[in-house]
Structure formats: structure tokens, C-alpha cells
Amino acid sequence: GQRTQFLYRMVQFADAIGKPIQLLYFPPYHSKYNPIERCWGILEQHWNGAQLLDADTMLEWAKTMTWKGLHPVVNLSREVYAKGVTLTNKARREVEARLLRNPDLPKWDILIRPACAPA
């Protein structure tokens, strides 16, 4: 709940789709409750001992795993993200003003309401 670039993009996304977005974070060291972390654990077991020499090999191994009876959709992204991009203090305040943080769990439970419905 502190990553300003991520929150900025999520506010933009909520505005684009015209729907609220609820962000619920798992506290640190609670990966056993996080489905994404559990999926990564299954993948690590699946390719255990395989020689992952290149991206194609890793992608093919990932495509053959199953989690909860399903094969994942696997794509390679070669997009390079700019480093060191920061929001101005004004932009950070504008993003924060759009976030409704749960008073009991302000870092872990955030609601983003869209500015208006899309045209």
C-alpha cells in the first residue's frame, strides 16, 4: 500500500474501467495464504532439477505445470520499465486523496473509487 507508481496506475485503471478496485494485501511472511505465492511454489516443484538454460525452456516448463487442474497462460514480456521514475509531491497527494484506506488496516486494505464512469 506504499508503492506510489503502482497506486498511481491503479487509480488510472479504476478511472478507465469506471469500477472501484479493492486492494487487499497479505502481510509480510504470510505467503501460505497468498494464492500467487502458492502457485509459484507448485511451479518451483514442477521444474525442480530441470536445467533452465534460456527463456524458451522456462516458458515451456511453465506451460506444462498444472495448478488446481489448470494450465497457466504463459507469455514472455520483453518490456523494459524505466527506473527511478517518481511522482511529484503534488501527484502523490492527488493519488492518496483517491484512496480510501481501512482505518484498522491502512496498509493492507485500500479501496480506489473511479473518478467517473467511462464514456
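The values are calculated or read from the model by the stated rules, or taken from the named source; none is laboratory data. Computed from a predicted model, the values in this text were never measured in an experiment. Virtual Cβ from ideal backbone geometry, glycine too; neighbours counted across all protein chains shown. Ligands, DNA and RNA are excluded from the accessible area calculation, which covers all protein heavy atoms including side chains. Shrake-Rupley method; radii C 1.70, N 1.55, O 1.52, S 1.80 Å.
Results for (1) open to solvent by less than 70 Å² (accessible area, probe 1.4 Å); (2) part of a loop (DSSP other than H, G, I, E, B); (3) among the acidic types (Asp, Glu); (4) in contact with a Lys or Arg (Cβ under 9 Å, 6 or more places away or on another chain), shown as yes or no for each residue.
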{"site": "ASN75", "(1), (2), (3), (4)": "no, yes, no, no"}
{"site": "GLU79", "(1), (2), (3), (4)": "no, yes, yes, no"}
{"site": "ALA82", "(1), (2), (3), (4)": "no, yes, no, no"}
{"site": "LEU100", "(1), (2), (3), (4)": "no, no, no, yes"}
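Looking only at residues in the range 34-70 that are open to solvent by 80 Å² or more (accessible area, probe 1.4 Å) and touching a helix residue (DSSP H, G or I) at 6+ places or on another chain (Cβ under 8 Å), which one is farthest from LEU23 (Cα to Cα)?
GLN51
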Quiz item: In this structure, does HIS46 turn out to be touching a residue at least 12 places away in the same chain (Cβ under 8 Å) and more than 18 Å from THR4 (Cα to Cα)?
Solution: yes
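Taking the conditions exactly as written (farther than 18 Å from THR4 by Cα, among the hydrophobic types (A, V, I, L, M, F, W, C) and either in contact with a strand residue (DSSP E or B) (Cβ under 6 Å, 6 or more places away or on another chain) or surrounded by 14 or more Cβ atoms within 10 Å (Cβ to Cβ) (or both)), does ALA14 satisfy them or not?
No: the conditions fail for ALA14.
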Quiz item: Are there any pairs with C-beta distances below 8 angstrom linking a residue in the range 89-117 that is without any contact (Cβ under 8 Å) to a residue 60 or more places away in the chain to a residue that is open to solvent by 80 Å² or more (accessible area, probe 1.4 Å), with the two at least 6 apart or on different chains, and if so which?
Solution: LEU100/ARG113
Exercise. State whether one or more residues within the range 58-71 are part of a helix (DSSP H, G or I) and closer than 28 Å to GLN12 by Cα.
Key: no
Quiz item: So how many residues does the range 13-57 have that are part of a helix (DSSP H, G or I), modelled with pLDDT of 85 or more and more than 19 Å from VAL73 (Cα to Cα)?
Solution: 5
Quiz prompt | All positions within the range 84-98 that are open to solvent by less than 70 Å² (accessible area, probe 1.4 Å) and part of a loop (DSSP other than H, G, I, E, B) | solution = LEU87
Quiz item: Given the residues ALA91, ALA82, which is the only one that is at pLDDT 85 or above and small (Gly, Ala, Ser)?
Solution: ALA91
Practice problem: Looking at (1) over 28 Å from THR4 (Cβ atoms); (2) out of contact with any strand residue (DSSP E or B) (no Cβ under 6 Å at 6 or more places or on another chain), find the lone condition where ARG78 falls short. | Solution: (1)
